[in-house]
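*Asks:* Quick one: this structure, given as structure tokens, is what I'll be asking you about.
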Amino acid sequence: MSFSTHLRRNGIGWLLPVLVLAGWEVASRAGVMPANVLPAPSAVAEAFWRLTLSGELIRNIGVSTARALAGFAVGGSIGFALGLANGLSTLSRGLTDTTLQMIRNIPHLALIPLVILWFGIDEEAKLFLVALGVFFPIYVNTLLGIQSVDPQLVEMGRVYGMDRRALFFRVILPGALPAIFVGLRYALGIMWLTLIVAETISASSGLGYMAMQAREFLLIDVVVLSILIYALLGKLADSLARLLERLSLGWHPAFQNG
Amino acid sequence: MPAASLTAVRSFVTTPAPARPAISVEGRRAFAFKGVEKRFGDKTVLDGIDLDVPVGQFVAVIGKSGCGKSTLLRLLAGLDRPTSGSLTLGAEEEGHSRTRFMFQEPRLLPWASVVKNVEVGLTGLASGTQARQRALDILGKVGLADRADEWPSVLSGGQKQRVALARALVGHPQVLALDEPLGALDALTRIEMQQLLERIWIAQKFTAVLVTHDVAEAVALADRVVVISDGRIALDLDVPVERPRRRGSAELARREGRILDQLFG
Ligand SMILES: Nc1ncnc2c1ncn2[C@@H]1O[C@H](COP(=O)(O)OP(=O)(O)OP(=O)(O)O)[C@@H](O)[C@H]1O
Ligand SMILES: [Mg+2]
């Protein structure tokens, strides 16, 4: 793929946001959009600069990212492990799947009051919520991926003398990978969403906390800045997942002409 | 449901070879079915199959759809076990026999390159550069050496089946079981594949068991054609015709006629 087609393909996605920003700036300057409703992009940029200089922004992004990743690591690995176990063993599935499906029907954010009672506004509260939110998409899609592996390929592997280990790493896991990636990308979205809500409600640091502080002092530019940064972080996580997907699913027809 | 099939590790252990080598007039024995029955629930699919096949023979198995041809092959490959009766596999020099299976579908791993797929046939036999070298050699024999590093999804149907054939042959099997491997190919590719199969069979001298719906294919390739009907062997016909055989020759046509009579007469 040449550089110019790359630019055209990816660049075109940025056209609309840039136009919206330009229109927004013009509207603010013309006074159509009052500054206490939505500050001009330039004001948000100023806030960005101010908070970067004071170090506050970097610190809060760091805190939020660390929370997000920790929660993701805990919830994601448990979900992945259980998804594998239940995909490979009927006993394990029989034992746990019904329970898990029941818990899945509770929106995890509905647990916030309970979680605050348990953990207060400590780190555990955020970790727990993010882990719980991330768990289900990873679990469900890993299980689905393993169940959808072509049994004919598994049979072929057995005929050719693969032991269980080889069968898992050469047939089952690669076959489940596309579904696992769907779960991963979905889980990353849930990860940020959960964190924003949790930090907004109960935290003493992080991006959500920064936004809530700013609201109390009517610093609307900082509020908008926080929202934009959440959006950027979410996009960044998704892009990373897509890159990984591209690298590991090169065989998949969907990725062969990209 | 791969979960269940995973836990069911290949359970049918091949019966140990008799202490005295089973020498028949034709030579050593590749395998023998003795009074083999196979039932699924209360449905009897195979009802007393006796089939003694010497090493190196090319056997074609013919029968109407649903008569139990695939079941027979699955028993041979150890994918299933007989309800009663016994299956004896001949002893190989190293003491155990190797049966390979070629399916109706190519069953290539989409996430492995062509050469990696062929290397699957060397599982437990070779690995690393040695495996790659052997895989490349056999790919050359099926005419796909230049596609070694491509994904299977870009190959045509006939090319995929050639990769599957290479995978089945790379480990130098004693017995190759082929379950209508050419059924899905167009007529021209089919004839090409038949010739390729015959060439490699002549060179490697394995025992071949080919299940097919195509009577012309059976008489063109096989030393012996077995017709299955009502769970039994209804006809066991030798085809002692010189190779290379000329398709449509009178000798082949006569045998084709006999088989068709047996099937529909
Ligand atoms: N695992 C199984 N459980 C129950 N019945 C089975 C099973 N496998 C095969 N059968 C039945 O056994 C019979 C023979 O099946 P088989 O696949 O051996 O036929 P076939 O001769 O290969 O047919 P075709 O030419 O259509 O491939 C069929 O009636 C089929 O429904
Ligand atoms: Mg069949």
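*Asks:* P(r) tail for chain B, what percent of Cα pairs lie past 27 Å?
*Replies:* The proportion of pairs with Cα distances above 27 Å equals 39 percent.
*Asks:* Exceeding 23 Å between C-alpha atoms, which entries from my cross-link table qualify? They are B:69/B:116; B:38/B:205; A:126/A:235; B:43/B:69.
*Replies:* B:69/B:116; B:38/B:205
*Asks:* In sequence order, what are the phi-derived ³J(HN,Hα) couplings for the stretch B:120-135 according to the Karplus relation 6.51 cos²θ - 1.76 cosθ + 1.60 with θ = phi - 60°, rounded to whole Hz, with x for glycine and proline?
*Replies:* Computed from phi, the couplings for the stretch B:120-135 are 3, x, 10, 3, x, 10, 7, 8, x, 5, 5, 4, 4, 4, 5, 5 Hz.
*Asks:* OK, next. What are the DSSP H helices in chain A that stretch 27 Å or more along their long axis, judged by alpha-carbon atoms, and whose average Kyte-Doolittle hydropathy comes to at least -1.0?
*Replies:* Qualifying helices: A:3-29, A:56-88, A:123-147, A:173-201, A:220-248.
*Asks:* Could you work out the mean projected area of the convex hull around the alpha carbons of the protein assembly as shown, in square nanometres to one decimal?
*Replies:* 33.7
*Asks:* Report, in deg cm²/dmol and to the nearest 500, the calculated mean residue ellipticity at 222 nm for the protein assembly as shown, where each DSSP H run with n ≥ 4 adds -39500 (n - 2.57) and the sum is divided by the residue count.
*Replies:* Computed ellipticity for the protein assembly as shown at 222 nm equals -18000 deg cm²/dmol.
*Asks:* Oh, and also: From largest accessible area down, sort A:126, B:160; use a 1.4 Å probe on the protein chains.
*Replies:* B:160, A:126
*Asks:* Quick one: pull the percentage of alpha-carbon pairs in the stretch B:94-173 with a separation above 14 Å.
*Replies:* Taking all Cα-Cα pairs of the stretch B:94-173, the fraction more than 14 Å apart is 55 percent.
*Asks:* Right, something else. Over all distinct alpha-carbon pairs, what is the Kirkwood Rh of the stretch A:33-76 in angstrom?
*Replies:* After inverting the mean inverse Cα-Cα distance, the result is 12.4 Å.
*Asks:* Give a residue-ordered list of calculated ³J(HN,Hα) values for the stretch B:58-75 (Karplus: 6.51 cos²θ - 1.76 cosθ + 1.60, θ = phi - 60°; whole Hz; x for Gly, Pro).
*Replies:* These are the phi-based 3J(HN,Hα) values: 10, 9, 10, 10, 10, x, 5, 4, x, 7, x, 5, 5, 4, 4, 5, 5, 5 Hz.
*Asks:* For a quick check: with amide H placed at 1.01 Å from N, whose amide H comes under 5 Å from residue B:85's, ignoring anything fewer than 5 positions away on the same chain?
*Replies:* For residue B:85, whose amide H was placed from the backbone, the distant partners under 5 Å are B:37.
*Asks:* Using modelled backbone amide H atoms (1.01 Å from N, in-plane), which distant-in-sequence or interchain residues come within less than 5 Å of residue B:228's amide H?
*Replies:* Amide H to amide H, under 5 Å and 5 or more residues apart or across chains, residue B:228 pairs with B:62, B:63, B:234.
*Asks:* Okay, next question. Could you report the accessible area of residue A:26 in Å², rounded to 10, computed with a 1.4 Å probe on the protein chains as they sit in the structure?
*Replies:* 100
*Asks:* Could you tell me the ratio Rg/Rh of the stretch A:39-256? Both radii from Cα atoms, Rh via Kirkwood.
*Replies:* 1.08
*Asks:* Using alpha-carbon pairs under 8 Å, 6+ residues apart, how would you state the relative contact order of chain A in percent?
*Replies:* Relative contact order, chain A: 22 percent.
*Asks:* May I pose another question? What does the charge dipole of the protein assembly as shown about its Cα centre add up to, to the nearest 20 debye, if the Cβ of each Lys and Arg holds +1 and the Cβ of each Asp and Glu holds -1?
*Replies:* The dipole magnitude comes to about 580 debye.
*Asks:* So for chain B, averaging the separation of alpha carbon pairs under 8 Å that are six or more residues apart and normalising by length, what relative contact order in percent results?
*Replies:* After rounding, I find 24 percent.
*Asks:* Show me, for the stretch B:254-260, the HN-Hα J-couplings you get by feeding each phi into the Karplus relation (A = 6.51, B = -1.76, C = 1.60, θ = phi - 60°), rounded to Hz, glycine and proline as x.
*Replies:* Coupling constants for the stretch B:254-260: 4, 5, 4, x, 4, 5, 5 Hz.
*Asks:* A further question on this structure: Expressed as a whole number of Å, what is the distance separating the alpha-carbon centroids of the stretch B:116-134 and the stretch A:87-140?
*Replies:* Distance between centres, Cα-based: 44 Å.
*Asks:* Once all Cα-Cα distances of the stretch A:170-255 are split into 10 Å bins that start at 0, what whole-number percent is in each one?
*Replies:* Percent of pairs per bin, in order: 16, 36, 22, 16, 9, 1.
*Asks:* Kindly work out what percent of the DSSP beta bridges joining two residues of the protein assembly as shown are antiparallel, to the nearest 5.
*Replies:* 55
*Asks:* I would also like to ask the following. Using a Cα-Cα cut-off of under 12 Å, which aspartates and glutamates could be cross-linked to residue B:34, ignoring same-chain neighbours fewer than 8 residues away?
*Replies:* Excluding near neighbours in sequence, the set is B:47, B:50, B:52.
*Asks:* Just how large is the dipole of chain A about the Cα centre, in debye to the nearest 20, putting +1 at every Lys and Arg Cβ and -1 at every Asp and Glu Cβ?
*Replies:* Computed about the Cα centre, the dipole is about 600 debye.
The values are calculated or read from the model by the stated rules, or taken from the named source; none is laboratory data. Just so we're clear, the structure is a prediction, and the values are computed from it rather than from any experiment. Using ideal geometry, Cβ is built from the backbone for each residue, glycine included, and neighbour counts are taken over all protein chains shown. Heads up: the accessible areas ignore ligands, DNA and RNA and are worked out on the full protein's heavy atoms, side chains in. Shrake-Rupley method; radii C 1.70, N 1.55, O 1.52, S 1.80 Å.
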